[in-house]
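The values are calculated or read from the model by the stated rules, or taken from the named source; none is laboratory data. Predicted model, so just to flag it, every value in this text is computed and none were measured. Neighbour counts run over all protein chains shown; Cβ positions are idealised from the backbone, glycine included.
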Amino acid sequence: MQFGTVYTSIVILTIIVTSHCYSYGQNPEQPTLIKGVYGSPAALWDQGYTLENLGVNSIFVHSGSLTPEMVQRAKSEGAKVFAEFATLNGKGYVEEHLEAWAINEKGKKVAAASWFMGVCPTDAGFRTYRMTQLQQLLNDFELDGVWMDYVHWHAQFEDPEPILPETCFSSSCLEAFSKFSQIEIPKGSTSTKASWILANHEKEWRDWRCEVIYDWTKEIREIVKESNPDALLGLYHCPWTDTEFKGARQRILGLDYSLLKKSVDVFSPMVYHER
C-alpha cells in the first residue's frame with residue numbers, strides 16, 4: 001500500500017499500554033496495543049483512507065489543533081482521541097507576565113533555548129492559567145486521555161547538546177522551597193541565596209524541584225479524571241537514564257519516576273532516534 005506524501009506530515013507511533021491501563025479493564029498480562037497517528041489525520045483522510053482501514057485505533061493531536069469535526073470523525077472510525085497538552089511551555093505567557101520568567105542561579109532571567117521557553121513552575125498565575133486551559137479543553141472535547149508535554153523545569157533536552165540551566169531561583173521558588181524543606185535561607189541577593197542553597201542543601205533543593213513537577217501532574221490528573229474517570233494521563237518525557245548528563249533528568253529537569261509513576265498512567269519517552 002502506497003501512502004505517497006502522507007508520510008511527510010504524519011508520524012505513525014506505537015505505544016504499548018501496559019498494566020497502568022486498568023481503566024480499560026485490561027489484564028496486565030494482556031496489554032492493549034495502541035497504533036496511532038501523531039498529529040492531525042487530515043492528510044490520511046484527504047488521500048481517501050480511513051483510520052479503521054489502516055489499523056489505526058488512536059490519534060494524538062496537540063490540543064490547539066483539535067476540532068469538533070476531527071474528534072467526531074476519528075471516533076466514528078473507531079479511534080480514541082488523545083490530546084497533547086503543553087504543560088510548562090511558557091512561550092507567549094512569560095513575555096507578558098515577567099513574574100513568571102524563570103530565574104537562573106545568577107539571579108538573571110534565563111535565556112530562551114533555541115526553540116523552547118520554559119516558565120517558573122511555582123508562579124501561581126501561570127498555574128491557574130494553564131489549569132483553566134486544561135479544564136476548557138476537557139469541556140470542549142470528549143477525550144480518551146491527555147498526554148502532558150514539556151513537563152520539566154526550563155531546559156531543552158531534545159538536542160544532541162542539551163541546554164541545561166540551573167533554575168529556578170525566583171522569589172516564589174525560594175519561598176516555596178524554604179517552606180517545604182523548613183530551611184531558612186540567609187538574606188542577600190538572589191545569586192547569594194542560590195549559591196548557598198547549592199553549596200549547603202543541594203539534595204533538598206533537587207528533591208523539592210521533583211516534588212514541584214510531581215505536584216503539577218497530580219493536579220492535572222485530578223482534573224482529567226474528574227472529567228472522565230476512564231481517561232488516560234500520559235507523559236511525553238526525556239528518555240535519559242539516571243546517570244546521563246550527570247543525572248540531569250532528575251537533577252535539572254526535575255523528573256523523578258518514583259514520584260511520577262503515582263500520577264502518570266502511560267510514560268512515552270521521546271527518544272528522537274538519530275537526532
List the pairs whose first member sits in region 236-250 and is touching a residue at least 40 places away in the same chain (Cβ under 8 Å) and on the phi > 0 side of the Ramachandran plot, whose second member is surrounded by 13 or more Cβ atoms within 10 Å (Cβ to Cβ) and assigned to a strand (DSSP E or B), and whose Cβ atoms are under 6 Å apart, counting only residues at least 6 apart or on separate chains? none
Every residue from region 213-230 that is under 19 Å from the mean Cα position of the chain (by Cα) and either on the phi > 0 side of the Ramachandran plot or free of Cβ contacts under 8 Å to residues at least 60 places away in the same chain (or both): Tyr214, Asp215, Lys218, Arg221, Glu222, Lys225
Out of all the residues in region 125-170, which are among the acidic types (Asp, Glu) and part of a helix (DSSP H, G or I)? Asp140
Using the structure shown, decide if Glu29 is charged (D, E, K, R) and modelled with pLDDT under 95. yes
Residues of region 196-214 being surrounded by fewer than 15 Cβ atoms within 10 Å (Cβ to Cβ) and not charged (D, E, K, R), in sequence order, are Trp196, Leu198, Ala199, Asn200
